[in-house]
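Enquirer: This structure is in structure tokens; I'll ask about it shortly.
The values are calculated or read from the model by the stated rules, or taken from the named source; none is laboratory data. Just so it is clear, the model here is predicted, and its values are computed rather than measured. Cβ: placed from backbone, ideal geometry, glycine included. Neighbour counts: every protein chain shown. Quick note on the areas: whole protein, heavy atoms, side chains included, nothing else; ligands and nucleic acids left out. Shrake-Rupley method; radii C 1.70, N 1.55, O 1.52, S 1.80 Å.
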Amino acid sequence: GFTIVSGGTDKHLVLIDLRNKGMDGAKAALLLEKANIITNKNTIPYDTGSPFKPSGLRLGTPAMTTRGFKEKDFEKVAEFIDDVITLKNLPELIKRAVLMMLKKFSS
């Protein structure tokens, strides 16, 4: 249900248009940070939001691929992001799940 503006998910950076989610990128980034998921607010093409409250969210994957994340792991991260942005779960609950997931990738 997310609109990808960056041309797909086959790149190391993904830009998401959050306008259909009723949340701006600044709020989404803050909520996700509380869930231990670091993203950036970002403007999107033809953005109607301000630079301080843009409509986009930027995700980077290099840190995760370096840890050894595979496709199924990225799908789980997408579920975490969806739960936080759509307010299905509190960021604090997702944070616990994120930390448990990261233990699997500790050296």
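Enquirer: Which net charge results for the neighbourhood of ILE85, defined as the other residues with beta-carbon distances under 10 angstrom from its beta-carbon, given Lys and Arg at +1 and Asp and Glu at -1? Walk me through the numbers on the way to the answer.
Expert: Values: positive: LYS21, LYS27, LYS88; negative: ASP82, ASP83.
Net charge in that neighbourhood comes out at +1.
Enquirer: How much accessible area per residue does the chain have, counting only protein heavy atoms and a probe of 1.4 Å, in square angstrom?
Expert: Accessible area per residue: 63 Å².
Enquirer: Ignoring everything but the protein chains, give the 1.4 Å probe accessible area of ARG19 in square angstrom, nearest 10.
Expert: Accessible area, nearest 10 Å²: 110 Å².
Enquirer: Another question, if that's okay. Straight-line reach from LYS76: which lysines have Cα under 22 Å away, leaving out those fewer than 8 places along the same chain?
Expert: Candidates past the 8-residue exclusion: LYS11, LYS21, LYS27, LYS34, LYS41, LYS88, LYS95, LYS103, LYS104.
Enquirer: Continuing with this model, one more query. Counting residues in the range 54-107 as N, plug N into 2.2 N^0.38 Å and put the Cα Rg over that result.
Expert: Against the empirical 2.2 N^0.38 Å value, I get 1.19 for the range 54-107.
Enquirer: Just add up the charged neighbours of PRO54: K/R +1, D/E -1, any other residue whose Cβ is under 12 Å from the Cβ of PRO54.
Expert: +2
Enquirer: In addition: So for THR43, THR66, THR61, what's the accessible-area order with a 1.4 Å probe, most first?
Expert: THR66, THR43, THR61
Enquirer: Students often get this wrong, so try it: which of (i) 1.18; (ii) 1.09; (iii) 1.04 is Cα Rg over 2.2 N^0.38 Å as calculated from the structure shown?
Expert: Working out Cα Rg over 2.2 N^0.38 Å from the coordinates points to (iii).
Enquirer: Name the long-range amide H neighbours of THR3: under 5 Å, sequence gap of 5 or more, or other chain; modelled H, no Pro or chain starts.
Expert: So THR3 has HN proximity to ASP17.
Enquirer: Name the residue, out of ALA97, ALA35, ALA26, whose mean-square fluctuation peaks in a Gaussian network model built on the chain with Cα pairs under 10 Å.
Expert: Evaluated over the chain, the most mobile residue of the options is ALA97.
Enquirer: Ignoring everything but the protein chains, give the 1.4 Å probe accessible area of GLU33 in square angstrom, nearest 10.
Expert: 110
Enquirer: For the chain, what does -39500 (n - 2.57) per DSSP helix run (n ≥ 4), summed and divided by total residues, give at 222 nm, in deg cm²/dmol to the nearest 500?
Expert: When only DSSP H runs of four or more count, the value is -12500 deg cm²/dmol.
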